[in-house]
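Notes for the one structure printed next.
The values are calculated or read from the model by the stated rules, or taken from the named source; none is laboratory data. These numbers were taken from a predicted model, which means no experiment stands behind them. Ideal geometry is used to build each Cβ from the backbone, glycine not excepted, and the neighbour counts take in all protein chains shown. Keep in mind that these areas ignore ligands, DNA and RNA; they rest on the heavy atoms of the full protein, side chains included. Shrake-Rupley method; radii C 1.70, N 1.55, O 1.52, S 1.80 Å.
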Amino acid sequence: MASELSRRGFLIQGAALGGSLLLGGGLLSGCQDDKAATGHRASVQSTTPQYGGRLRMGIIDGSKAGDLDAHKPTTASAIIRGFALYSKLWEWSEHMTPDLALAEEVEVNDDATLWTIRLKKDLEFHHGKTITADDLIFSTRRLSDPELASPYLGYVKWIDRDNLVKLDERTVQIPIRGGTGLLSLPDAWVNFGGIVPVDYHPVTNPVGAGPFRLKEFVPGQRSVFTRFENFYKSGQPYLDELEIIDFKDEYARISALLSGQIDMANGVAPEQITALKRHEAIQVITNQTHGFQSIDLNLSLPPFQDDRVRQAFRLMIDRQEVIDRALAGQGRIANDLYAPLDPTFNSAIPQRQYDPEQARSLIKQAGYEGLTVELTVGPGLSAVAGGSPVAQVFAAQAKKIGVNIKVNQVDAATFGGPKRADWQLSCNSKLGGSFLHTAATVDSFLSSANKTHFADERFDALFRQAISTKDLEKRTPLVHEAQQIQHEKGGLIIWSYVNTLDLAAKHVGGLTPERSHFPTWRFDKLWLNQSV
């Protein structure tokens, strides 16, 4: 723990000085003049979007296996590049709900087993082809093709891809197979469902309808995009060019931002922010999302087959302490339930409190005094990595009641690999989405990645009915009861809803805090302020 915190402390101090080191001391030697100038420029900064310039975004990746596939992004950088290259039927709103994008109109039948999607008029791909129903059918079939083996196939595998119906040049009917509706289809499709032309190929013809077209791509290093003049949002984007630069570590990325080598950095680790807030040339965008961090109990393995042990683990975690120490305070206490902004969320369930003495008693009642368990994590805090700082804090808390947690840290590839559902105990995080979509991907019978192995007949019956019930008033009591079951019997200790933190130079316009995770990915909105 000490060595890890020391390294994190070094990053904070190093990042605070990194820009001046790269500039040969420029930031430090001119700090008084720069401070005054920054204050003056901020006072006259324009709020009206301006056209032109190249925005440089720094991301953490550096994988030599990077790709441009609209439906099979294999790295974090590939997903981000997809927001520049491809447009979807829906896009995330600032509240993390799916809004219509390329789709003009979407109709769904009463039990959500048939979707009718109509495209907007006069949509165009980067190479000039008009977007038609044929392209929508091609894209749908490609995304849901088992042979493509997209890591996101589980989100849309219930689409009946063999029975899509073209109603006219802009309209397609999409049936859902299996006898269960799929009311969460927009949430499932929005991130990875880029609409591409029938002649699409991710290597030889990476064409989409996003705000930027591809100019240059060097996997593991950089990608450059140019403005798409016929983007479907009139007048956008504002930038002439977008450059996405891959970095292998946070220290190098923040140093590049402070030295002016990049303009923006997304998803910055929370421990960096305190020091960086002192830099007047940098804006910090704090997004209070409803994405969650969890500790996942494998209910198929002892000791978590015993409900008393599950309850004990929920009570032994001091949620606020974990937020303060592992997230540097960048989060809010959660109640072991996801989707707090969903209109069906059961807010009447009382917040579970920290109660180490009751936890100790339950462990004793279950016959597990002196219990030792293994908590598997990857490096860092991301969903792929698994949250090693969290594990260290939680292990110290558990030790106070006589439970020994052995932290098993593995690399990110191992953590997210074939064994990901076999760990006895593991850390996790997920984007905030609707209840139905999150359940479909996390712990319902639809999920192909149920790490907790949660299975409850009543919960599954309620979920099956809810995901087929379009009427909100009728669906709400179904979700309320389902969440009550999750709260009492589930395998997720959801201890925090997390903030995502983005950094940008003051001259980057169009960045505002959101409930989503994506303000820095909205490349159609971003612009460069020439007055700063």
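If you take the residues in the stretch 283-298 that are over 19 Å from the mean Cα position of the chain (by Cα) and surrounded by fewer than 23 Cβ atoms within 10 Å (Cβ to Cβ), which one is nearest to T500 (Cα to Cα)? The residue in question is Q283. When each of A209, A188 is tested for being in a helix (DSSP H, G or I), under 17 Å from I79 (Cα atoms), among the small types (G, A, S) and open to solvent by less than 20 Å² (accessible area, probe 1.4 Å), the lone residue that passes is A188. For V203, state whether it is in a loop (DSSP other than H, G, I, E, B), at pLDDT below 95, open to solvent by 20 Å² or more (accessible area, probe 1.4 Å) and of a type in the set (A, V, I, L, M, F, W, C). Against the criterion (in a loop (DSSP other than H, G, I, E, B), at pLDDT below 95, open to solvent by 20 Å² or more (accessible area, probe 1.4 Å) and of a type in the set (A, V, I, L, M, F, W, C)), V203 qualifies. Filtered by the rule that a residue be under 18 Å from G210 (Cβ atoms) and without any contact (Cβ under 8 Å) to a residue 24 or more places away in the chain, the stretch 129-142 gives a lone residue, T130. Checked against (1) open to solvent by 40 Å² or more (accessible area, probe 1.4 Å); (2) under 25 Å from the mean Cα position of the chain (by Cα), D111 passes all but a single condition, namely (2). One residue stands out among those in the stretch 155-172 that are of a type in the set (D, E) and not in a loop (DSSP other than H, G, I, E, B): the one that is nearest to L431 (Cα to Cα), which is D162.
Test T116 against the stated conditions and say whether it is touching a strand residue (DSSP E or B) at 6+ places or on another chain (Cβ under 7 Å) and not aliphatic (A, V, I, L, M).
It is true that T116 is touching a strand residue (DSSP E or B) at 6+ places or on another chain (Cβ under 7 Å) and not aliphatic (A, V, I, L, M).
Would a scan of the stretch 366-378 turn up a residue that is open to solvent by 10 Å² or more (accessible area, probe 1.4 Å) and closer than 25 Å to A76 by Cβ? Checking the stretch 366-378: not a single residue is open to solvent by 10 Å² or more (accessible area, probe 1.4 Å) and closer than 25 Å to A76 by Cβ. Taken over the stretch 128-152, the criterion of being open to solvent by 50 Å² or more (accessible area, probe 1.4 Å), out of contact with any strand residue (DSSP E or B) (no Cβ under 8 Å at 6 or more places or on another chain) and within 13 Å of N230 (Cβ to Cβ) is satisfied by K129 alone. Within the stretch 175-185, being surrounded by 22 or more Cβ atoms within 10 Å (Cβ to Cβ) and outside any loop (DSSP other than H, G, I, E, B) holds for I176, L185.
Going through G181, G210, G194 one at a time, which residue ends up being in contact (Cβ under 8 Å) with a residue 24 or more places away in the chain, farther than 30 Å from G380 by Cβ and either out of contact with any Cys (no Cβ under 6 Å at 6 or more places or on another chain) or not polar (S, T, N, Q) (or both)?
When all the criteria are applied, what remains is G181.
Across the stretch 225-274, the number of residues qualifying as among the acidic types (D, E) and assigned to a loop (DSSP other than H, G, I, E, B) comes to 4.
Remark: pairs (first residue in the stretch 444-468, in contact (Cβ under 8 Å) with a residue 12 or more places away in the chain and farther than 17 Å from L492 by Cβ; second residue open to solvent by 40 Å² or more (accessible area, probe 1.4 Å) and not basic (K, R); Cβ separation under 7 Å; 6+ apart in sequence or on different chains) = S468/D111. Only residues that are within 21 Å of L123 (Cα to Cα), open to solvent by 50 Å² or more (accessible area, probe 1.4 Å) and of a type in the set (S, T, N, Q) were counted across the stretch 217-248, and they come to 2. In summary, helices (runs of 4 or more DSSP H) completely within the stretch 299-384 and bearing 1 or more residues that are free of Cβ contacts under 8 Å to residues at least 12 places away in the same chain and within 27 Å of the chain's Cα centre (by Cα) occur at 319-326.
So that you can scan it fast, the table gives a plain yes or no per residue for (1) farther than 22 Å from G387 by Cα; (2) among the polar types (S, T, N, Q):
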{"site": "S300", "(1), (2)": "yes, yes"}
{"site": "Q305", "(1), (2)": "yes, yes"}
{"site": "R310", "(1), (2)": "no, no"}
{"site": "M316", "(1), (2)": "no, no"}
{"site": "Q320", "(1), (2)": "no, yes"}
{"site": "I323", "(1), (2)": "no, no"}
{"site": "A326", "(1), (2)": "no, no"}
{"site": "R332", "(1), (2)": "no, no"}
{"site": "L337", "(1), (2)": "no, no"}
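Within the option set E250, E271, being out of contact with any strand residue (DSSP E or B) (no Cβ under 9 Å at 6 or more places or on another chain) and modelled with pLDDT under 95 holds for one residue only, E271. The residues of the stretch 403-421 that are closer than 21 Å to S300 by Cβ, open to solvent by 70 Å² or more (accessible area, probe 1.4 Å) and not in a loop (DSSP other than H, G, I, E, B) amount to a single one, K406.
Here the stretch 494-520 is the region considered, the condition is being polar (S, T, N, Q) and assigned to a loop (DSSP other than H, G, I, E, B), and the residue that is most open to solvent (accessible area, probe 1.4 Å) is T512.
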